[in-house]
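The structure appears right after this line, and notes come after that.
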Amino acid sequence: MLSDSSILTRGGPMMWVLLLLAVLVLVLFIERTFYLHRGQIKATRFVDGIKNALAKRRIVEALTLCEETPGPVAAVVKAALIHAHDDETRMRYAVQESAVVELPALERRLGSIAAIAQIAPMVGLLGTVLGMATTFHAFMQGGQYATAQALSFGMWQALLATAGSLVLAIPAHLAYHFLQGRVRSLVRDIEWSGNEIMRYLLVDYRKDNEAALSPAATPAQP
């Protein structure tokens with residue numbers, strides 16, 4: 001078996017490029033995983049908690065809960081609460097604007113992972129070509145008496161570069177699609193939470209307010 005240093009040495013200069021790309025993918029994947037995990041909350045439970053606070057006329061408590069909860073869902077719900085007494089058009093615009101601000105943060109750096117997954121086979125192909133060039137150069141230098149050892153160096157370089165690029169590209173593609181799935185899940189939570197809290201504010205919350213302020217609900221004076 002070849003040691004790690006021997007593989008990098010025999011694989012030629014492109015192996016070091018692949019190693020650098022692999023470290024970069026690993027760092028980006030870990031950072032994105034923790035970021036998306038932090039923003040992933042139980043949207044149904046969170047919105048139910050906001051509704052309970054609003055049912056008790058505690059809108060400040062609901063806003064405080066949004067500020068203390070990380071993630072895009074809380075930010076979108078907070079935008080709706082701030083415009084709780086506005087008309088539907090202004091409230092919807094505020095919610096959409098908040099969602100537009102949050103979405104780029106969710107997708108940040110995913111393009112870098114996808115780009116590395118796409119260019120890794122090209123880097124490996126370049127290493128393969130360089131290895132084959134080294135093999136033909138050794139063959140020309142040795143003429144009809146080129147040794148197998150001289151020819152094998154270039155072949156090793158070509159094969160290791162190809163293998164290294166595939167070892168990087170396959171996990172990078174999997175990492176990208178995994179993170180994309182987490183982003184899609186968060187986007188669905190954002191859309192549902194925004195629509196649900198707007199429906200509650202525009203229908204139930206205002207109906208309860210009108211009932212509480214109506215003359216029939218006001219106790220008669222002695």
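Please verify whether Leu20 is out of contact with any Asp or Glu (no Cβ under 7 Å at 6 or more places or on another chain) and either free of Cβ contacts under 8 Å to residues at least 60 places away in the same chain or more than 30 Å from Gly164 (Cβ to Cβ) (or both), treating the condition exactly as stated. Even if it seems obvious, please write down each step before you answer.
Details: out of contact with any Asp or Glu (no Cβ under 7 Å at 6 or more places or on another chain): yes; either free of Cβ contacts under 8 Å to residues at least 60 places away in the same chain or more than 30 Å from Gly164 (Cβ to Cβ) (or both): yes.
Judged against the criteria, Leu20 is a match.
A search for C-beta distances below 8 Å between a residue of segment 158-183 that is farther than 28 Å from Gln40 by Cβ and any residue that is buried (at least 16 other Cβ atoms within 10 Å of the Cβ) and charged (D, E, K, R), counting only pairs 6+ apart in sequence or on different chains, returns Leu160/Arg10.
If the condition is being exposed (fewer than 13 other Cβ atoms within 10 Å of the Cβ) and either among the basic types (Lys, Arg) or not in a helix (DSSP H, G or I) (or both), then segment 174-191 contributes Arg184, Arg188. The number of residues in segment 48-78 being under 19 Å from Asp189 (Cα atoms) and in contact (Cβ under 8 Å) with a residue 24 or more places away in the chain comes to 11. When we screen Ala80, Ala22 for residues that are in a helix (DSSP H, G or I), at pLDDT 90 or above and closer than 17 Å to Asn195 by Cβ, the only hit is Ala80.
Considering only segment 106-138, state which residues are over 30 Å from Phe153 (Cα atoms) and surrounded by fewer than 13 Cβ atoms within 10 Å (Cβ to Cβ). Matches in segment 106-138: Gly111 only.
Checked against the criterion of being of a type in the set (D, E, K, R), assigned to a loop (DSSP other than H, G, I, E, B) and more than 25 Å from Trp156 (Cα to Cα), segment 31-46 has at least one qualifying residue.
So, of the residues in segment 11-69 that are acidic (Asp, Glu) and over 19 Å from Tyr205 (Cα atoms), which turns out to be surrounded by the fewest Cβ atoms within 10 Å (Cβ to Cβ)? Here the residue is Glu68.
Take the conditions (1) of a type in the set (Ser, Thr, Tyr); (2) modelled with pLDDT of 90 or more; (3) more than 30 Å from Gly127 (Cα to Cα); Tyr176 misses just one of them, which is (3).
Out of segment 159-201, which residues are farther than 12 Å from Val73 by Cβ and among the charged types (D, E, K, R)? Passing the criteria: Arg182, Arg184, Arg199.
The values are calculated or read from the model by the stated rules, or taken from the named source; none is laboratory data. Computed from a predicted structure; not experimentally measured. Here Cβ is always computed from backbone atoms with ideal geometry, including for glycine, and neighbour counts include all displayed protein chains.
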